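One structure is given here, and the rest of the page talks about it.
The values are calculated or read from the model by the stated rules, or taken from the named source; none is laboratory data. Computed from a prediction, not measured in an experiment: that's the story for all the values here. Neighbour counts are summed over all protein chains in view; Cβ atoms, including those assigned to glycine, are modelled from backbone coordinates with ideal geometry. Please note that ligands, DNA and RNA were not included when accessible areas were found on the heavy atoms of the full protein model with its side chains. Shrake-Rupley method; radii C 1.70, N 1.55, O 1.52, S 1.80 Å.
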Protein chains: 4
Amino acid sequence: MREDDEVTAGSGATREERRRDPSRVLALTDGVFAIIITLLVLDIHVPELSAHETLQSAISAVRPSFIGFVLAFIVAAMQWVGHRDLFALIRYTDRGIVWLNLLALFTVCLLPFGSALLSRYYEDPLALRLFGLILMATSITRTAIWAYATRRRSLVHEPLDRASIRSGLGLSIFPLVVYIAAFAIASVSPQASLAVYASAPVLYFIMITLLRWRAPRGSAERQFT
Amino acid sequence: MREDDEVTAGSGATREERRRDPSRVLALTDGVFAIIITLLVLDIHVPELSAHETLQSAISAVRPSFIGFVLAFIVAAMQWVGHRDLFALIRYTDRGIVWLNLLALFTVCLLPFGSALLSRYYEDPLALRLFGLILMATSITRTAIWAYATRRRSLVHEPLDRASIRSGLGLSIFPLVVYIAAFAIASVSPQASLAVYASAPVLYFIMITLLRWRAPRGSAERQFT
Amino acid sequence: MREDDEVTAGSGATREERRRDPSRVLALTDGVFAIIITLLVLDIHVPELSAHETLQSAISAVRPSFIGFVLAFIVAAMQWVGHRDLFALIRYTDRGIVWLNLLALFTVCLLPFGSALLSRYYEDPLALRLFGLILMATSITRTAIWAYATRRRSLVHEPLDRASIRSGLGLSIFPLVVYIAAFAIASVSPQASLAVYASAPVLYFIMITLLRWRAPRGSAERQFT
Amino acid sequence: MREDDEVTAGSGATREERRRDPSRVLALTDGVFAIIITLLVLDIHVPELSAHETLQSAISAVRPSFIGFVLAFIVAAMQWVGHRDLFALIRYTDRGIVWLNLLALFTVCLLPFGSALLSRYYEDPLALRLFGLILMATSITRTAIWAYATRRRSLVHEPLDRASIRSGLGLSIFPLVVYIAAFAIASVSPQASLAVYASAPVLYFIMITLLRWRAPRGSAERQFT
């Protein structure tokens, strides 16, 4: 299962293997995602009742926060599942992967802010656009890691065929297109823009299912999650 | 210990094994649980003393928050222990397990909100019911993963016999029944409802002990924690 | 290195090994400690300047929070190092270890509250006593895990001799004695009580150094951290 | 790949190996870094609009927080990458490494406070100096671990040659020099001081690239990330 032919011979060989091991990159990434999806709930504040107010009416005021939480949770979950699928292909890291991954984590860290902004101002085109910019940034960094890693023979477990690389690229770029559409119509119709953002995970889910359906047995996209 | 007969032959075999490895699912899950049980304490605020107030009286005002923290900590601990027991049986993940597990994490992420709501409005039937709905959701997702995983031969280390599957299902469904009871009586008697929620971990503990007692040597339920 | 003679023969053998594997217990524990030591800093708030106030005077008002952070960080670090030393001896978990460890995490989770309370009311005997109670609870649960695990032959990698078990018990109980002393004098002299709490890590560090010095080569206490 | 010749013979050998295993030190460290880079974003608050204020003007008031977040994220990422590079060389921990690493985590935990202070008072020399002191502390502890570990034959996988040890020391000390410069000019020109802090990651990145360029094939600095 291990192919050591890529590694330079000599005293530095195993040292280089240890340096390029992805385990700590994954530990940091899983930690960041665990915190992000948990922090998102902190924006759902327990309401303080004013006089003559029932808990029921106060709770219904929490609804936008709850919808923001659900939306951001799904986006973060999609990103994590995509990250897991990608790194199941990656055997070694290099300087580029480590820093691209940190850049991806940077964009993921902005999700709680974007989600909180959207919960508070879900009818304001600017809030919808900033939320969209953060989502686009997560998709762009994910696409960049995919393109970077799958083209470098020394980083992956097994070389991917061209069709698999293209499918993976398409899967990373696809949400980007949806987000751009939602971004574009934000000032025309905030409601429609919000609906498009919310539809992205559903469309993404359908697209993966189609890819798995069409993919030949044993190919990389066959196991996209 | 490893049985590789399930895996399709050919070039995709080891790739599929890596894809189905549960380690990152566990890393994310343990991270989320670690954060949840730690975040719960953030609801216990250090009191600010007003004039003519002693710290003693201020501290006693913290008591509901503390009880809410204890209750939610125990619920989260029960969920984590149950998750650990279940995934000790699971050898491989698939798309269903990954997304069901994310759904389970989603319900667990709502616990701090439910606990904060209960601490603040522990005499309000609506707060008791919302807390109950969150607890029910955690139980339902746990039951769903158990039912999904134990019936798929390719996901578990060893096939479970029917009695073990039934015991595990019972153990997942049991708290659900208690929560539904507490939910039902919330408007009749908030105090009784709270007491039933608080009794769930005790009853659950007793039930596991009985299951371990009765289970034949070497069966799955013998090692329930 | 692995001794499998403890495990019951038959079809349940490897299942039992997986169930008793401590890795997820350690993952949860490391996660909780990582969050606790990081959350502690959140109590150091960036001051808001009122009119005619310089940042310098505002910053010096932050000092009690900073001292509380340092004290709680050291306590949490001591607990983590002790936990790591203990679990380096433990090969398998059982139901008792898992729940005792969750109880230990419960007490550790209270540290940020205790530290925030102490930072705010460091001259109030009640705050000093509550901080002391939390510290005692962390020591008691640690002692309980040590006593539980080291006496069960099936849980440890190698049986510990009586002298090592006693040294480890002493090391767990020792901070407890210091905390009780600080608790006792809290109402007589808050300053002295605070000084005793602060001295505990120093005394503990000296005690470990002495234990390592005296311990025979190859014994468990030789490698206490 | 494993060289066991360093370990003392006898019954304590494998126990000592387990005690000195760095895995839990790395788990705690990755957890702390994951939390730190995620907490930083919590300082970017969703603005509350006052009357006659547009979201656009309110968002632009968030800019200093955002810049503080970016700066602190990059510093934390640099520290984590440096930590990963260092611990790829380390095979075993000892008491010194464990406590030095906890000291390093202590300094990293102060980053969110420093970043929040800088975001709020970026024109105040005192805030710039406190931020600088925290950065210096992170560099000093990193340098201390490097100096401590690379000189002890029993802690590293393979002995490092003198040139590699010197390069690594230089790389750890270099940001320290930049931070001291920024600290020194804080009262003369806050803007220039801030610019120097912001330039540190860029200079550091260039320096690593040069080190990798010049380093002989197979040497430790060849794989600095």
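When residue D:143 is tested against the conditions (1) hydroxyl-bearing (Ser, Thr, Tyr); (2) part of a helix (DSSP H, G or I); (3) within 23 Å of residue C:79 (Cα to Cα), the lone failure is (3).
Restricting segment B:206-225 to residues that are facing chain C (nearest Cβ under 8 Å) and farther than 13 Å from residue B:168 by Cα, the residue that is modelled with the lowest pLDDT is B:218. Could you please let me know if residue A:144 is open to solvent by 30 Å² or more (accessible area, probe 1.4 Å) and at pLDDT 90 or above? In short, yes.
When A:69, A:73, A:106 are checked against the criterion of being closer than 20 Å to residue A:129 by Cα, at pLDDT 85 or above and over 13 Å from the mean Cα position of the chain (by Cα), A:69 stands alone in meeting it.
You will find that of B:155, B:160, B:203, the residue that is modelled with pLDDT of 85 or more and open to solvent by less than 40 Å² (accessible area, probe 1.4 Å) is B:155 and no other. The residues of segment B:133-157 that are in contact (Cβ under 8 Å) with a residue 40 or more places away in the chain and over 18 Å from the mean Cα position of the chain (by Cα), listed by number, are B:152, B:153, B:154, B:155, B:156, B:157. Quick check on residue B:52: is it part of a loop (DSSP other than H, G, I, E, B) and on the phi > 0 side of the Ramachandran plot? When the stated conditions are applied, residue B:52 passes them.
Scanning segment C:186-200 for residues that are buried (at least 17 other Cβ atoms within 10 Å of the Cβ), at pLDDT 90 or above and of a type in the set (Gly, Ala, Ser) returns C:186, C:193.
Of all residues in segment A:14-58, those satisfying the criterion of being among the hydroxyl-bearing types (Ser, Thr, Tyr) and closer than 30 Å to residue D:159 by Cα are A:14, A:23.
Looking only at segment A:102-133, filter to residues that are small (Gly, Ala, Ser) and touching a Leu at 6+ places or on another chain (Cβ under 8 Å); which one of those is surrounded by the fewest Cβ atoms within 10 Å (Cβ to Cβ)?
Filtering segment A:102-133 down to residues small (Gly, Ala, Ser) leaves A:104, A:114-116, A:119, A:127, A:132.
Still in the running and touching a Leu at 6+ places or on another chain (Cβ under 8 Å): A:114-115, A:127.
Details: A:114: 25, A:115: 27, A:127: 23.
The selected residue is A:127.
Filtering segment D:206-225 to residues that are open to solvent by 30 Å² or more (accessible area, probe 1.4 Å) and either at positive phi or part of a loop (DSSP other than H, G, I, E, B) (or both) leaves D:216, D:217.
Given the residues C:192, C:186, which is the only one that is under 22 Å from residue C:67 (Cα atoms), more than 19 Å from the chain's Cα centre (by Cα) and not in a helix (DSSP H, G or I)?
Of C:192, C:186, the one residue that is under 22 Å from residue C:67 (Cα atoms), more than 19 Å from the chain's Cα centre (by Cα) and not in a helix (DSSP H, G or I) is C:186.
Only residues that are hydroxyl-bearing (Ser, Thr, Tyr) and either within 20 Å of residue B:45 (Cβ to Cβ) or at the interface with another protein chain (Cβ under 7 Å from one of its Cβ atoms) (or both) were counted across segment C:45-68, and they come to 1.
Just one residue in the set B:97, B:74 is part of a helix (DSSP H, G or I), within 14 Å of chain C (Cβ to nearest Cβ) and out of contact with any Ser or Thr (no Cβ under 7 Å at 6 or more places or on another chain); that residue is B:74.
For every residue, the table says whether it meets (1) at pLDDT 80 or above; (2) closer than 25 Å to residue B:106 by Cβ; (3) open to solvent by less than 60 Å² (accessible area, probe 1.4 Å); (4) facing chain D (nearest Cβ under 8 Å).
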site	(1), (2), (3), (4)
A:2	no, no, no, no
A:19	no, no, yes, yes
A:37	yes, yes, yes, no
A:43	no, yes, yes, no
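Residue pairs whose Cβ atoms lie under 7 Å apart, separated by 6 or more positions or on different chains, with the first residue in segment D:46-59 and among the aliphatic types (A, V, I, L, M) and the second in a loop (DSSP other than H, G, I, E, B) and open to solvent by less than 30 Å² (accessible area, probe 1.4 Å), are D:55/A:121; D:58/D:47; D:59/D:47.
The rows are residues; the columns are (1) over 25 Å from residue C:30 (Cβ atoms); (2) open to solvent by less than 10 Å² (accessible area, probe 1.4 Å).
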{"position": "D:49", "(1), (2)": "yes, no"}
{"position": "D:58", "(1), (2)": "yes, yes"}
{"position": "D:64", "(1), (2)": "yes, no"}
{"position": "D:67", "(1), (2)": "yes, no"}
{"position": "D:82", "(1), (2)": "no, yes"}
{"position": "D:93", "(1), (2)": "no, yes"}
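If you go through segment D:180-225 and keep only what is free of Cβ contacts under 8 Å to residues at least 60 places away in the same chain and β-branched (Val, Ile, Thr), you end up with D:180, D:185, D:188, D:196, D:202, D:206, D:208, D:209.
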